[in-house]
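Novice: Please find one structure pasted underneath; my questions will follow.
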Amino acid sequence: MTAAFAADLPGRPARLLATALASVALAAALAGCGPAAISGPVDQAGFVAGDGSLTLVGEASRVAAPDLVGTTLAGEPFRLAELRGQVVVLNVWASWCAPCRAEAPTLQRLSVALQPKGVQFVGLNTRDSATAANGYVRTFGITYPSVVDTDGRLQLQFRDSLPPQSIPSTLIIDRAGRVAGRALGKVSESSLRGLVEPLLVESGQPGAVASSDPVASSDPVASSDPAAPSGSPTASGGD
């Protein structure tokens, strides 16, 4: 029975039935965003899945990343500026997000493979409970740190560069501390390498002239989440 049919029923029973049907529809939509069984309070309101678009910004067009300061899930202090000189892969994730869970093994594997080349992975855990987030880390054997960003305020600091507009999102920060790339949605090994590896041959000096125009590539990945925004991969100097 649909909500429209329920509206044809007379009186209070019709209103109650329409409300119940709306609740079922909302529950079904949230079920698509991740596993139903999560320990602790979780805020999934406003969840948007990425469309798989990739952006790589030319050196001359990059802007400085904000100096994120926070605390990791392990209770350790974190400051992004202390990673200057390394390429940083900053991944926004939540334990209830199905695409996040799908890409977690790839991120962990690449974090180990690329670390000797001067690449540091960092997670940014959002809209999650500590219990669920730490369970996620144990399940997928994540060894790189994740910074707590329960209310999303740390993500908002990127609004003047390449904001992480979905969960998951992955930002790439060059050796000079500038935002160089972004992936919206689940990443594959090839797409992430395509964003990171060009930065490993750069000088890492602020103000360096780009050797080429900004380059964009696409590796769209279908998401199981129904709320993916429309858009296509673009080359950009920022949003």
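Novice: Short version: ³J(HN,Hα) in whole Hz for each residue of segment 192-198, in order, from phi by Karplus 6.51 cos²θ - 1.76 cosθ + 1.60 (θ = phi - 60°), x for Gly and Pro, what are they?
Specialist: So the Karplus estimates, Gly and Pro as x, are 6, 4, x, 8, 8, 5, x Hz.
Novice: To continue, here is another question. Taking the Cα centroid of segment 81-149 and of segment 170-193, what is the distance between the two, rounded to the nearest whole Å?
Specialist: Here the two parts' Cα centres lie 13 Å apart.
Novice: Measuring from label point to label point, each 7 Å out along Cα→Cβ, what is the residue 200 to residue 63 span in nm?
Specialist: Taking the two extended label points, one gets 2.9 nm.
Novice: Where does the charge balance sit around residue 108 when Lys and Arg score +1, Asp and Glu -1, over other residues with C-beta under 15 Å from its C-beta?
Specialist: +3
Novice: To continue, here is another question. In whole angstrom, how long is each semi-axis of the equivalent ellipsoid of segment 61-209, when you take the square root of 5 times every eigenvalue of its Cα gyration tensor and sort them from largest down?
Specialist: 23, 17, 14
Novice: Pulled fully out, how much extra length does the chain show between residue 160 and residue 82, if you take 0.36 nm times their separation in residues and subtract their Cα-Cα distance?
Specialist: 26.0 nm
Novice: With charges set only on the Cβ (+1 for Lys and Arg, -1 for Asp and Glu), what does the dipole of segment 52-196 come to about its Cα centre, in debye to the nearest 20?
Specialist: Dipole magnitude for segment 52-196 comes out near 240 debye.
Novice: Something else: Putting +1 on Lys and Arg Cβ atoms and -1 on Asp and Glu Cβ atoms, find which of 97, 184, 70 reaches farthest to the positive end of the dipole of segment 67-213.
Specialist: Toward the positive end, the furthest listed residue is 97.
All of the numbers you see were taken from the coordinates with simple rules; none came from a lab. The structure displayed is predicted, hence computed values, not measured ones. Counting neighbours? That spans all protein chains shown, and the Cβs are built from the backbone with ideal geometry, glycine included.
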